[in-house]
Structures are given as structure tokens and as C-alpha cells.
């Protein structure tokens with residue numbers, strides 16, 4: 001009995017580390033006329049009726065709504081930073097509204113349909129000041145793409161190992177299934193890459209953070225995005241560290257980005 005009494009506080013402490021719950025949901029998309037799976041990580045603070053900010057986490061090519069759960073345990077991060085995490089399945093869409101495939105309209109899904117669905121069912125802060133979006137690889141492209149085009153919905157955005165300029169990779173990752181061949185539609189490819197979208201961005205429009213490992217094949221395009229933002233006078237955080245395009249790097253990157261988003265939410269209360 002004495003041994004059980006000694007172990008009980010430790011077990012209760014261990015359980016408290018994982019107080020956040022994980023909901024696996026299906027979100028109907030009116031635009032695509034089908035259900036899209038998603039994971040919602042809900043901190044323990046939500047059970048007390050507290051309204052919380054939301055971070056949308058987008059996965060990379062070949063991933064799914066479960067991808068971020070495989071990168072790291074999101075539950076202690078959700079509790080520690082006091083954020084709801086939403087991880088939708090973006091298939092291999094690159095998070096565009098494809099001009100070729102009416103069943104691949106993931107810009108509209110994430111920016112409008114999913115946000116509205118989450119706000120209607122969870123204790124969120126239903127304003128741009130209470131929303132951020134980030135992602136890895138293809139999801140990094142998607143997060144910045146969506147935030148830059150929907151600044152009325154998201155106040156902060158990021159990317160880790162993001163494909164922020166797709167044009168150097170015209171035959172990779174099924175992008176031409178969404179956009180057509182680059183040689184045939186060069187203007188369309190220009191219009192659908194993140195680095196060209198920043199031409200409409202003014203300093204202060206978004207709180208921005210992105211990072212990339214030195215050994216990553218996307219390092220060059222991330223450096224180019226950083227240089228372009230500097231030339232335009234757009235404030236942002238750009239972080240580089242050793243690492244490649246892998247889960248080990250992303251698991252290290254996410255907590256650093258969470259500090260940035262937590263600071264944004266604290267300093268931008270809803271008016």
C-alpha cells in the first residue's frame with residue numbers, strides 16, 4: 001500500500017502532462033462536396049470555458065492530417081502554450097484552389113470552411129488576432145500562401161522548410177497536376193508561388209516567421225524570400241540552423257515558432 005501511495009502522485013503528475021485531448025473529425029467542404037479529415041488538439045484550459053487562440057498546422061507532401069502527430073507530441077505543447085491546434089488533411093494539393101481540379105480547392109477549405117467549422121464548435125477567439133497558421137514543406141508554402149491572400153482571417157503565419165518558391169521544381173511533387181505544365185502556363189506558376197505574393201504585402205500586415213535548415217533543398221528559396229522581404233522593408237523573423245528536410249528538424253522548429261505565435265497572441269488582443 002505504501003508503494004502505491006508513493007507512485008500515485010507521480011502517475012497523477014504524468015497524466016497532467018497530457019491533459020490536452022485529441023479529436024479526430026471530419027469537416028464537410030461545401031466547395032469540394034466531400035468530407036475532409038482533420039485533427040484538433042484541445043488544451044485542458046478549454047474545459048474551463050476559456051477562449052483560446054488557434055494555430056493551424058499544415059502537413060507536407062505525402063502526409064495527412066496525422067503527420068504532425070508523428071513529428072512530435074502536440075498535447076504538452078497545446079497545454080503549455082495555451083493554443084488549440086488544428087491539423088487538416090491537405091492531400092497533395094499544395095493548398096491551392098486548383099484551376100484544373102474542382103475536387104482540390106484547399107485554399108478555400110482551410111481559409112474559410114475549416115475556420116468557420118472550428119469557430120462554431122470550439123472555444124476559439126474568432127478573429128484574425130486569435131488565429132495563426134504554419135506548416136512544414138508543402139504545408140509551409142500553403143500556410144504562407146493562405147495567410148498572404150487572407151490577411152482578414154489570419155494575423156500571423158509561418159513556415160518550416162517551406163517550398164516558398166515552386167518554380168525551380170516544375171516536375172516535382174505533383175504540382176503540375178494542380179497547375180498544368182510550367183512551360184505551358186508560366187504566368188499561372190508565377191501567380192501561385194509564395195515569393196511573388198509578397199509584392200502585395202506591407203510591413204505590419206502579418207506577423208511572419210519562417211526557418212530552414214542549411215542542408216535543406218529548400219534553403220535557397222527561403223533565403224531568397226528573406227532577402228525580398230528585407231528589400232521591401234517587411235519585418236519578419238527568419239531563422240536558420242543545422243538540419244535537413246526531416247522530422248528531426250521540424251520537431252525542433254515547432255517550439256521556436258510557438259514562442260513567436262504565443263508572443264503575437266499576447267500582444268494583439270481582440271479589440
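Between the helical axis of 219-232 and the dominant principal axis of the chain, each derived from Cα atoms, what acute angle in degrees is found, rounded to the nearest 10?
It works out to around 80 degrees.
Treating the angle as unsigned and between 0 and 90°, give the value, to the nearest 10°, between the Cα long axis of helix 247-267 and the longest Cα principal axis of the chain.
Long axis of 247-267 versus the principal axis of the chain: about 80 degrees.
Sorted by average packing, counted as other Cβ atoms within 10 angstrom per residue and highest first, what order do 130-138, 45-53 take?
Output ranking for 130-138, 45-53: 130-138, 45-53.
Stretch residue 73-residue 22 to full length: gain in nm at 0.36 nm per residue minus the Cα-Cα span?
So the chain would gain 17.3 nm between residue 73 and residue 22.
Counting each DSSP H run of 4 or more residues in the chain as -39500 (n - 2.57), what helix-only mean residue ellipticity at 222 nm follows after dividing by all residues, to the nearest 500 deg cm²/dmol?
-10500 deg cm²/dmol
Looking only at the chain, where both bridge partners belong to it, what percent of the DSSP beta bridges are antiparallel (to the nearest 5)?
Restricted to the chain, the bridges split so that about 40 percent are antiparallel.
Using Cβ counts within 10 Å as a stand-in for footprinting exposure, how do 100, 77 rank, fewest first?
Final ranking by Cβ density, sparse to dense: 100, 77.
Which residues does a label at residue 247 reach in the stretch 70-86, if reach means a backbone N under 18 Å from a point 7 Å past the Cα toward the Cβ?
Output list for this probe position: 70-77.
What distance in nm separates the two pseudo spin-label positions at residue 240 and residue 214, each 7 Å out from Cα along the beta-carbon direction?
The two pseudo-label positions are separated by 0.9 nm.
I'd like the orientation of helix 2-16 relative to the chain: the angle between its Cα long axis and the longest Cα principal axis, in ° from 0 to 90, rounded to 10.
Around 30 degrees separate the two axes.
Give me the number: length gained by fully extending residue 230 to residue 177, i.e. 0.36 nm times residue separation minus the C-alpha to C-alpha distance, one decimal in nm.
15.8 nm
In what order do 70, 228 fall by count of nearby beta-carbon atoms within 10 Å, going from fewest to most?
Placing the least packed residue first, the sequence is 70, 228.
Could you tell me which of rounded, prolate or oblate describes the stretch 78-172, using a ≥ b ≥ c as the square roots of the eigenvalues of the alpha-carbon gyration tensor, with rounded for a/c under 1.5 and, failing that, prolate when a/b is larger than b/c and oblate otherwise?
It comes out prolate by the Cα gyration axes.
Need one number: nm distance between label points at residue 169 and residue 200, each 7 Å from Cα along Cα→Cβ, rounded to one decimal.
About 2.4 nm separates the two model spin labels.
Give me the one-decimal nm value for the distance between modelled label points at residue 116 and residue 92, 7 Å along each residue's Cα-to-Cβ direction.
Label at residue 116, label at residue 92, 3.0 nm between them.
For a Förster distance of 35 Å, can you work out the FRET efficiency between the beta-carbons of residue 103 and residue 151, rounded to the nearest 0.05?
Taking R0 as 35 Å, the efficiency between residue 103 and residue 151 is 0.85.
Which of 117, 96 comes first, and how do the rest follow, when ranked by fewest Cβ neighbours within 10 Å?
Arranged by neighbour count, lowest to highest, 117, 96 become 117, 96.
Laboratory data are not the source of any read-out in this text; all were calculated from the coordinates shown. Please read these numbers as outputs of a predicted model, since none were measured by experiment. For neighbour counting, all protein chains shown are included, and Cβ atoms are generated from backbone atoms with ideal geometry for every residue, glycine included.
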